[in-house]
Amino acid sequence: MDCGIITSKTVLLLLNVIFWAAGGALVYVGSYVIKSYNNFDNFLEDKYTLIPAAIIITVGVVMFIIGTVGCCATLRESKVGLSFFLMILLAMFAAEVAALVFAFIYQGRIKGDLERSMSNVFQKYDGENSESRAVDYLQSQLQCCGVQTYMNWTTMPWFSSSNNTVPISCCKQNNTECTGKLDQPDLLNTQGCEVKLEQLLQDVMSYAMLVILGFAIIKFFGMLSVCVITCKSGRRTGYQTLYV
């Protein structure tokens, strides 16, 4: 058997094994991105930032099916199967490139999105409504206080209505002596939430972009291997047997 075909079939078989494992990995990554955004959806107005995650999940689900189809087509060297496999790889490659472009675009829009919405949410804080629960969750999870700094609370309606105190969620973890008074800055998280939330979302998006790029490169080598097998098989079937 031609060395090129052996190498290409080996690459494709390994690629199909990767598909089965990667399908689960992509679904996990997409779900993780959506979960990260949903945890802070009160502060994010632009829901289109979830498009890359939706594409990742869709590609991951399809990869389970593709792994089986590609494995059978590779072993049999079926032109029809390999052609179908190549079209699927092309479609997935295009989807991943699109996801990469969307992720790159929306990564730059995260800061602007946060700047427009966080102040409005913090202004509505009253300790009971849904915005309050979102703010408390944000401050306790990221160990932050206020938008840019904990002093931002002095301009909020909550500050004057609660005897000049900040929410208890501004207190440092496991600190039972904190009352939210500004005269106890050593007991409070003084860094603002905007920078921390922006960094978290940027890290999540960067992680997703690296995963997308990695699988796009794998798809490229897979398409190259399919072309090699198809061309080599076509040459073999074109030979005529000589009888002496």
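Which of rounded, prolate or oblate describes segment 54-104 when judged by the alpha-carbon gyration tensor and an a/c cut-off of 1.5? Walk me through the intermediate numbers first.
Numbers: a/c = 4.37, a/b = 2.20, b/c = 1.98.
Note, shape of segment 54-104 comes out prolate.
Measuring only protein heavy atoms, the 1.4 Å probe finds Arg133 accessible over about 150 Å². Once all protein chains are placed together, Tyr28 keeps about 140 Å² accessible to a 1.4 angstrom probe.
Per-residue surface analysis assigns Cys227 an accessible area of about 60 Å², computed on protein heavy atoms at 1.4 Å probe radius.
How high is the FRET efficiency from Val97 to Lys172, r the C-beta distance, R0 45 Å, rounded to 0.05? My answer for the efficiency is 0.50.
Using only the alpha carbon atoms of segment 86-194, find the Kirkwood hydrodynamic radius as the inverse mean reciprocal pair distance, in angstroms to one decimal. List each step's numbers first, then the result.
Details: mean 1/r = 0.0634 Å⁻¹.
Averaging 1/r across every pair of different Cα atoms and inverting gives 15.8 Å.
Is there a pair in Lys35/Lys196; Lys35/Lys181; Lys124/Lys196; Lys196/Lys219 whose C-alpha atoms are over 23 Å apart, and which pairs would that be? Among Lys35/Lys196; Lys35/Lys181; Lys124/Lys196; Lys196/Lys219, the Cα-Cα distance tops 23 Å for Lys35/Lys181; Lys196/Lys219.
Scanning residues 5 or more positions from Gln191 or on other chains, those with amide H under 5 Å from its amide H are Cys145, with H placed 1.01 Å from N in the peptide plane.
The 3J(HN,Hα) values that the Karplus relation (6.51, -1.76, 1.60; θ = phi - 60°) gives for segment 118-127 are, in residue order, 5, 4, 5, 5, 5, 5, 8, 5, 9, x Hz. Gly and Pro appear as x.
Residue separation of Val69 and Thr10 scaled by 0.36 nm, minus their Cα-Cα distance, works out to 19.7 nm of gained length. Accessible-area rank, largest first, for Leu114, Leu13: Leu13, Leu114, with all protein chains present and a 1.4 angstrom probe. Relative to the current alpha-carbon distance between Ser160 and Phe104, full extension at 0.36 nm per residue lengthens the span by 16.0 nm.
The values are calculated or read from the model by the stated rules, or taken from the named source; none is laboratory data. Computed from a predicted model, the values in this text were never measured in an experiment. Virtual Cβ from ideal backbone geometry, glycine too; neighbours counted across all protein chains shown. These accessible areas exclude ligands, DNA and RNA; they are computed on the full protein's heavy atoms, side chains included. Shrake-Rupley method; radii C 1.70, N 1.55, O 1.52, S 1.80 Å.
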